[in-house]
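Input: a single structure, listed below in structure tokens.
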């Protein structure tokens, strides 16, 4: 229900995972391929097809079909078994006989700095994200016998870049977390610990939306500029300053009242809203679009005996008038928290899903976008809960350590950075923001 949308059909995700060690690339590939041979994990190795009503889709033979769809909708056809000529994963590997900081492009990969910094974004590093002829649009998957998942490894003498790419119709960030955790378990020889992949043949989100409930709610909210990609690094010190400022703002605005909880996500949302609102040529309202993960909101999924590797994010909105968007950091953060709390209840998530289901009956691509007609839409996806940096453990594939000494902050075989991660903590309490924006840096003097 949430996988096959017009928006997600137009997105191919790339992740570049940076390790400050030399890893065995073939071992990474073998273990990932093995994961996709376990039970319904094979879904991730399937081929995307539109159902038989689409005349141009490449034929699939000897496959399992996961979730039969209606005319014109996407299906996943999984080869049984996977063979050398029909692998579970597209794999490529390039070896560069130099240290990573000796490479003219790799040396510019985003890195931690002493203070706030704006660095090159993911679009600058396409050479490390995928092989040159990797699928880039949906049609590349439909017209060829191409796995959805690609692994492209670049080996340096002292570092490894392991890049994954896949169509966004396959999974969301928590699905990606489950993939990395399962991959790490297989790599460590712990296949028996790999959790079952759920919902491969029946959509759990559709089932939740259709299930009978004691009490239903009406979905309350239902009543082309040139941009660049940039990586923004926020050190621990700056995050502490932002929180202190917000707490001072709230103490002044709500004197004598109990301090309200605001998360790091609320703070970063407010910080970004202030930056956008102050840059507008004329006052305009701002609507923040958040992704709320249904996995953590629906009772039927909280105690699931496995993992759901699919898209389960629904929208939640924070509405700010032009005046509210220029309020203090703490006031904006608290308003963001209030909106999220209201819209993240199980009843509201189910109401949102039912609203989408109703739209699907009359529209080709159901979508809900709320806000005033002249609003500035500010999408914001918080991935800190996925904790990706500490989920991926590729230590069994370490050939030799690339970075040693006191400067190293992460264990061998673990991530030191991730490219294309909208908001992520690493081993130290600091933040990376990946931004799509036109950023102008103004230097005083």
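Going by neighbour counts of Cβ atoms within 10 Å, the residues 6, 111 line up, fewest first, as 6, 111. When the square roots of the Cα gyration tensor eigenvalues are ordered a ≥ b ≥ c, the ratio a/c for the range 270-413 is 1.5 or more and a/b does not exceed b/c, which makes its shape oblate. Taking a ≥ b ≥ c as the square roots of the Cα gyration tensor eigenvalues, the range 259-347 comes out prolate, since a/c reaches at least 1.5 and a/b is larger than b/c.
A simple packing score, the average count of other Cβ atoms within 10 Å per residue, orders the peptides 287-299, 393-405 as 287-299, 393-405, with the highest score first. Placing pseudo-labels 7 Å out from each Cα toward the beta carbon at residue 114 and residue 11 gives an inter-label distance of 3.7 nm.
Counting other Cβ atoms within 10 Å as a rough exposure proxy, the listed residues 261, 125 run 261, 125 from fewest neighbours to most.
The length gained by stretching the chain between residue 409 and residue 374 to full extension, at 0.36 nm per residue less their Cα-Cα distance, is 8.0 nm.
Kindly identify the range 250-307 as rounded, prolate or oblate by the Cα gyration tensor criterion: order the square roots of the eigenvalues as a ≥ b ≥ c, call it rounded if a/c is under 1.5, otherwise compare a/b with b/c, prolate if a/b is larger, else oblate. It is oblate, given that a/c is not under 1.5 and a/b is not larger than b/c.
The range 370-390 and the range 274-324 have Cα centres spaced 5 Å apart.
From least to most packed, judged by other beta carbons within 10 angstrom and beginning with the fewest, 183, 271 follow the order 271, 183.
The packing ranking of peptides 243-249, 409-415, highest mean first, is 409-415, 243-249, where packing means the average number of other beta carbon atoms within 10 angstrom of each residue.
Pairs of C-alpha atoms in the range 98-173 farther apart than 22 Å represent 37 percent of all such pairs. Between residue 201 and residue 94, the FRET efficiency estimated from the beta carbon spacing at R0 = 30 angstrom works out to 0.20.
We did not get these values from a lab; they are worked out from the coordinates using the rules stated. Being a predicted model, the structure only gives us computed values, none of them experimental. Glycine also receives a Cβ, built like all others from the backbone with ideal geometry; neighbour counts cover every protein chain displayed.
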